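Engineer: Got a structure here, written out as structure tokens. Questions coming.
The values are calculated or read from the model by the stated rules, or taken from the named source; none is laboratory data. What you see is a predicted model, and the numbers here were worked out from it, not measured in a lab. Please note: Cβ atoms are built from the backbone with ideal geometry, for glycine as well, and neighbour counts cover all protein chains shown.
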Amino acid sequence: MVPSKKTTLVNTCLRKSKKRNINKNCPELCWCRFFPALPTMPILDYTGKRVVVTGGADGIGYEMSSLFAEQGGEVFILDLNAAAAAEKAAALRAKGYKAHGIECNVTKEASVKAAFEEIAQTGRVDVLCNNAGIGHVGNIFGTEVADVERVMVSVTSFIMYVCLYNVVIVMCAVIASFAVCRLSM
């Protein structure tokens, strides 16, 4: 069975089943049914680590926030939607994890600086996951080169630079080690 465009695959067993074969309890449209031979990724221990995820209140960003929290990290969910960031952080806290929701518009340097200054008041940042970005809806026939440049070069590079710059400047006095994960491209 191959999923149609209108079908959403459920990503349940990748995190809950240690074996990568088909899990009989998984929904009909689970990743394990389409990719049973995928290698298992080791779980990392983020206990005591402080993780910032931009665009962390929705989609891939929230999944990353959840995984970092499940692996022991204290997660800072930065998102343009303040209510969603607070709601998702509260949901993680309800599960017993350390999470904070902070409003942040990553296209505005002042907003990024304010967010990292707020985080710095409580300690360092160990991991910065630059997930936030913008998209363009369209097909190859309706997409202009300017659209691609805006999404891929201008805004994405700006977001990467502004977040990294501010975390280093604001945190330079307390950083011991640091990792950057760039997902948007």
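Engineer: Taking MET185 as meeting all but one of (1) assigned to a loop (DSSP other than H, G, I, E, B); (2) of a type outside the set (Ser, Thr, Tyr); (3) within 18 Å of LEU67 (Cα to Cα); (4) modelled with pLDDT under 75, write down the number of the exception.
Structural biologist: Condition not satisfied by MET185: (3).
Engineer: Could you grab me the full set of residues in region 48-81 that are acidic (Asp, Glu) and over 12 Å from CYS129 (Cβ atoms)? Please lay out each step first, then the result.
Structural biologist: The first filter runs over region 48-81 and keeps only residues acidic (Asp, Glu), leaving 58, 63, 70, 74, 79.
Once the filter is applied, which keeps residues that are acidic (Asp, Glu) and over 12 Å from CYS129 (Cβ atoms), region 48-81 yields ASP58, GLU70, GLU74, ASP79.
Engineer: Continuing with this model, one more query. Where residues in region 124-164 are surrounded by 12 or more Cβ atoms within 10 Å (Cβ to Cβ) and acidic (Asp, Glu), which of them is farthest from VAL75 (Cα to Cα)?
Structural biologist: ASP147
Engineer: Continuing with this model, one more query. Identify, please: which residue in region 120-150 is within 17 Å of TYR161 (Cα to Cα) and among the small types (Gly, Ala, Ser) and is, among those, farthest from the chain's Cα centre (by Cα)?
Structural biologist: GLY133
Engineer: Here's something else I'd like to know. If a residue has to be within 21 Å of ALA84 (Cβ to Cβ) and either of a type in the set (Lys, Arg) or touching a Phe, Trp or Tyr at 6+ places or on another chain (Cβ under 9 Å) (or both) to count, how many in region 128-153 make the cut? Talk me through it step by step, then tell me what you get.
Structural biologist: Of region 128-153, the ones within 21 Å of ALA84 (Cβ to Cβ) are 128-135, 137.
Of the ones still in play, those that are also either of a type in the set (Lys, Arg) or touching a Phe, Trp or Tyr at 6+ places or on another chain (Cβ under 9 Å) (or both) are 128-129.
Of the residues in region 128-153, 2 are within 21 Å of ALA84 (Cβ to Cβ) and either of a type in the set (Lys, Arg) or touching a Phe, Trp or Tyr at 6+ places or on another chain (Cβ under 9 Å) (or both).
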